[in-house]
Each structure stands twice: as C-alpha cells, then as structure tokens.
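What follows is a short report on a single structure.
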Amino acid sequence: MNLQRWLAAAVVLVAAGCSTVPGPKGSEAADLVLYNGKILTVDGNFSIAQAVAIRGERFVAVGSNESVRAMAGSGTRQIDLRGRTVIPGLIDGHLHNAGGGPGVDLSKARSIAELLAAVEARAKRTPAGEPILSNADWHEAQLHEKRLPHRTELDRVAPRNPVVLIRGGHEFILNSAAFERWRITRDTKNPPGGEIGRDPDGNLNGELVDTARGLVKLPPPPKLTPEAIEAQMKLLNSVGLTGIRIPGGFQFGPDILTPYRMFQQLRREGRLTMRVNYLMRIYDFSSVEKVRATIQSWNVRPDEGDEWLRIGGMKTLVDGGFEGGHMREPYAEPYGRGGKFRGIEVVPPKNYIPVVQELNRLGWRVATHAVGDAAVDEVLAAYAAADRDRSIKGKRWTIEHFFIARPDHFPRVKALGIAVSAQDHLYLAAPSMAKYWGRARAEHVTPVRTFLDQGLLVGGGTDSPVIPYNPFWSMYHFITRDTISDGVYGADQAITREDALKLYTINNAKITFEDNAKGSIEKGKLADLVVLSADYLEVPVKQVEALKALATMVGGRFVYEDPTWR
Ligand SMILES: [Zn+2]
C-alpha cells in the first residue's frame, strides 16, 4: 500500500472511530470498486463522484478515488473506468414491452411502399384465408408520407388474406378481406368508445379506433413464456434500463395476471435482470361489483413484493390515443367534422368515477391514462371524489401521458398530490398530432417544463412499444423538443440534461415509493448503474440521442456488457 492510500484508509478508520468500520482487510471489504469515472450520482446536490464501492447488492461507498479504493481488499475486483461517465440505472416509468413479436415487422418501414412490401412478402408465404397480423411497434409518423395505409392499398398486396395491421395500443388497419371476415360493413355503427374510419363518401378506409377494435376477433397470441420475458429484459438492459414500470399488461399475456405470475417465478428463480413495478389493470368498468370480484380473483395485494418485483397500483383509462384523445376543443379539420369531434370518451365518468372510488376504498393506488385536456378534467373529478371518501394525498396517484395541460389543472393536481408519468410520444408522432389537433395544440403536448415549474413530480418513459424503448432518444427529445421527422415542437418546454436524467432515475423511483432504495448512486442504495459511451453532460446535444450503454449493472451484477467496453 502506498502512503497516499494508507493515509486515506487511516482517515476512514479515524473518522468512523471504531474497529467495525468496513476495511480492506476484513470480510467487510468491497466486492467491486469502479474508479477513475465521472459518476453522476443524481443525489440531492447532483454531485459528481470518481468512484463507487459495491458489496453484495449495494453501494457501500461513493466518493473520490482515494477514499473509495481504500475499501478494496485483496479479493476486491477493481475496474478502471478511464474517465467514462456513469449514471444511475435508468427506469422507464411507462413501458408495456420491448415490441417485436411474430407479426409482420413494420418498425423499420420508412414509406408506404416499404410497409406494403413487408405485408406483401408475408402474404406470399401465407396460405389463402389465413389472417396476417403486424407487430404493434410502428406509427405512420415514421413514414415519409406521414399517413396510414388505406384499405385498398392493403387489398392490392394481400388480396387473399384478412390483414390486420396493429398500430400502437389504440388502432387497427384492415383490408377488405378482414372486413368481410368479421362482417363489418359501411353500415356498421360505431360502438360506444370507438370509431370505424370512413372516407368522405362513407366507405370504410380501413381504420378501427379504440373499442371498435373489439369487432375483430384476433387469433390467440403465441404463449408467453419466462424465456420470452428474459429475452425482452436483455434488450432493455442493453440500452441502460435497470427498471421498468409496466402500466397494466405485458406482451402476449392472455390476461393481466399470467405475466405477473411469470415475473414472480423469474424472481423466485433469480432470473430477473431488472426491477419491475407491475400495475394491475381494470378492463371492464361496467359495474363496481364486477371490479371487486375480479380483483378478489387475482389474490394480489396492493404494493406486495420486494425491490425486484412489486405491484405498483391499478391502471385505468378514460380516453383514446393520438386519434382519440378527449379534448375540450374540437379536433382540427377535417377530423373535427365541422367542429363536432372532440375525441373519444373510452370510459365515461358515470362508470369511471365509482370504480376509482372503489379502488381507493380497497387500498389501491390509481394510475389513469389521460391524453386530452377534457380527459384530465374527468380524471381530476374522479380523484377528487375518491379523496373525499378517504384522502389520496401523499399516495402519488398518477396521470399517465397528460398530453394537454391547462393552467386550471395545476391547482387541482397539486391539491391531490398527483404525479405525472410523461413520455416522448411527440418525438415520433408530432406530425400526426399536428394533423389531428392543429399545430398550436401539438406544440403544447406533454409540457414537462411547465410540470416541473409547477413543482409536480414527473417521471419519464416511452410507452414502448408505442414509442421505441431507447431512453436516450426520449431524454434527447425532452432536452431539445426535437422530433424524428418534423423539427422542434414547443421549444419553451425543453428541460435541462440534469432534469431529463432525474425523470428517468430518481423521479420514477419516487413515483413507486422506492427512492430510498434506488434512483441515485448513494451509499446504502441498490447498486444499479450504467457506464455510458460518452459524457452525458458535455457531448453536443445532438449526440445525447446516440449515447449507448457500455455496461449495465443491476444489484451489483453486470447484466449487459458491450464486448468493446474494457
Ligand atoms: Zn401505455
């Protein structure tokens, strides 16, 4: 031991003033030390450290190279970060799954022609009459034409198969064979909470929005397996994610409970490579009794679990997505239909409010999908009604998405202690939003700067597979308000790099009441971190989008390592 290190170690011993202090010689030595880094701790002062020591699953020291390396014993593994930047493990606050699947992959299509070619290729190797489905992880804003394919275009490339393009979580696009298969005609009425898309002449254009998708009975999805979940976690780990909050439902799960039980199995078997906060979900709002019976049948308690897998509350919804968000003002023409269309009330207040009140009585924290300003009004009315029965303050109920905020929302949101789960939909879908809602309203979508200025707790996420799960794309968007295909929207809503990082770390940990255990790099917290390809705080802002995880650690164990990083 050189003199400098000996002195550092001596200082630690003296400062602690007793012999049980963790020291280099005893069994209390660190398992792993990372040093020579630029470690953005995201602690209360956003302080920057050089080194961390880890024992078991937790950080046991964070600080200077000298002070931390003094924790090393003869068996301690030491890694020289050579100046690399380290951030706390990233948490996506609203992620359904990583996308992909057995359907036609449209995520890489950049034009209508490429989309149709992908469908045509699948049709050529599919027996006539057999349905063709797509994966859900694509959006028309990624296409050069910035529009959906029309029914007749799908007919041209797949005349003999029913085609259902699944787009995000709110819309299907069908060809004529699919409309025939499920007996939907130009005379079929819109179901409550849904829309059947039509051309100006009344003919079907192919689109089924929100509950209208229920007119189609899709073949059962492939069975969810623990191995499929492991594969998804691997993808998420590779972009620096160490935690996700799943807002009701996971890919290919036949119901809400099966994926949760599978996550529990993976937890028991030590196979989880990330921390999962799992929200249960109400689909049927028709009666409070039904809701109560459904919840009872699950045999799941609110907030049960541990730091790997925890139940995080109950997901509900009131309105649609990009094409169905419920607004105070009509949609832009022609979607406003002469000033009449204001979006879709998927669950009306008369059903929603009593269910929310019942969930509160049963001890569940509620998270509600609300896109439009009128939808937010309905959520606030319901949360206030629940609060009158039994206070919800301090329980961090959430509004998921909250695209359109109005000044009169904020006092009500603050009075109820509601947190905001915000995502970067605008990054991908800005041109669609401008088309449906007008440019001025689209510029205002997800006003994170205003939320923070109002003192609200805001978590960040992607809503993957609706938006790609890369958190660096999302942070880049929040920092710049830049979009994939349409330039900057609402520059006044840009936030700092520090705040964007907090959205994806400590703030999401707060939303799930886990900020005492994770969300920052601090002594005693779980050792979740990411080694980055470049300096997050200093690279030119455009390069934030291109940042990569070189290594991702969860609970002191590397779950992802880029082969080139050491
Ligand atoms: Zn979602």
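The values are calculated or read from the model by the stated rules, or taken from the named source; none is laboratory data. Here the structure is a predicted model, which means the values were calculated and not measured. Cβ: placed from backbone, ideal geometry, glycine included. Neighbour counts: every protein chain shown. Remember, those area values only see protein heavy atoms, side chains included, never the ligands or the DNA or RNA. Shrake-Rupley method; radii C 1.70, N 1.55, O 1.52, S 1.80 Å.
State all residues of the range 27-77 that are in contact with a helix residue (DSSP H, G or I) (Cβ under 7 Å, 6 or more places away or on another chain) and of a type outside the set (A, V, I, L, M); if no residue qualifies, say none. Once the filter is applied, which keeps residues that are in contact with a helix residue (DSSP H, G or I) (Cβ under 7 Å, 6 or more places away or on another chain) and of a type outside the set (A, V, I, L, M), the range 27-77 yields Tyr35, Asn36, Phe46, Gln50, Glu66, Ser67, Arg69.
Checking Ala419, Ala440 one by one, the residue that is under 27 Å from Leu148 (Cβ atoms) and either open to solvent by 30 Å² or more (accessible area, probe 1.4 Å) or among the hydrophobic types (A, V, I, L, M, F, W, C) (or both) is Ala440 and no other. For Gly394, the test of being closer than 30 Å to Gly243 by Cα and surrounded by fewer than 20 Cβ atoms within 10 Å (Cβ to Cβ) is passed.
Annotation note: of Val466, Val445, the sole residue that is open to solvent by 10 Å² or more (accessible area, probe 1.4 Å), within 16 Å of the ligand (Cβ to nearest atom), hydrophobic (A, V, I, L, M, F, W, C) and within 29 Å of Gly100 (Cα to Cα) is Val466. The set of residues from the range 397-410 being part of a loop (DSSP other than H, G, I, E, B), away from the ligand (no atom under 16 Å from the Cβ) and open to solvent by less than 10 Å² (accessible area, probe 1.4 Å) comprises Trp397, Ile404, Ala405. Across the range 81-109, which residue is nearest to Gly555 (Cα to Cα) among those that are open to solvent by less than 30 Å² (accessible area, probe 1.4 Å) and within 14 Å of the ligand (Cβ to nearest atom)? Per the stated criteria, the residue is Asp92.
Within the range 284-294, the set of residues being in contact (Cβ under 8 Å) with a residue 24 or more places away in the chain and surrounded by fewer than 19 Cβ atoms within 10 Å (Cβ to Cβ) comprises Ser286, Val288, Arg292.
Within the range 535-566, the set of residues being open to solvent by less than 30 Å² (accessible area, probe 1.4 Å) and of a type in the set (Gly, Ala, Ser) comprises Ala549, Ala551, Gly555, Gly556. All told, Thr505 meets the bar of being polar (S, T, N, Q) and touching a Pro at 6+ places or on another chain (Cβ under 6 Å). Just to check your reading of the model, which residue among Tyr283, Tyr260 is of a type in the set (Ser, Thr, Tyr) and within 19 Å of the chain's Cα centre (by Cα)? When all the criteria are applied, what remains is Tyr260.
Filter the range 481-495 for residues that are open to solvent by less than 30 Å² (accessible area, probe 1.4 Å) and of a type in the set (S, T, N, Q); which is modelled with the lowest pLDDT? Restricting to residues being open to solvent by less than 30 Å² (accessible area, probe 1.4 Å) and of a type in the set (S, T, N, Q), the top hit is Thr483. Within the range 121-154, being open to solvent by 40 Å² or more (accessible area, probe 1.4 Å), in a helix (DSSP H, G or I) and in contact with a Ser or Thr (Cβ under 8 Å, 6 or more places away or on another chain) holds for Arg151, Thr152. On the stretch given as the range 302-330, residues that are open to solvent by 10 Å² or more (accessible area, probe 1.4 Å) and either of a type in the set (Asp, Glu) or over 18 Å from the mean Cα position of the chain (by Cα) (or both) total 11.
Counting only residues that are touching a Phe, Trp or Tyr at 6+ places or on another chain (Cβ under 9 Å) and more than 20 Å from Glu345 (Cβ to Cβ), the range 396-412 holds 3 of them. Highlighted here are the strands (runs of 3 or more DSSP E) found entirely within the range 166-240 that include at least 1 residues which are over 30 Å from Leu529 (Cα atoms) and either out of contact with any helix residue (DSSP H, G or I) (no Cβ under 8 Å at 6 or more places or on another chain) or open to solvent by 50 Å² or more (accessible area, probe 1.4 Å) (or both): 194-198, 204-210. With respect to the conditions (1) away from the ligand (no atom under 16 Å from the Cβ); (2) hydroxyl-bearing (Ser, Thr, Tyr); (3) within 24 Å of Gly93 (Cβ to Cβ), Thr316 falls short on a single one, namely (1).
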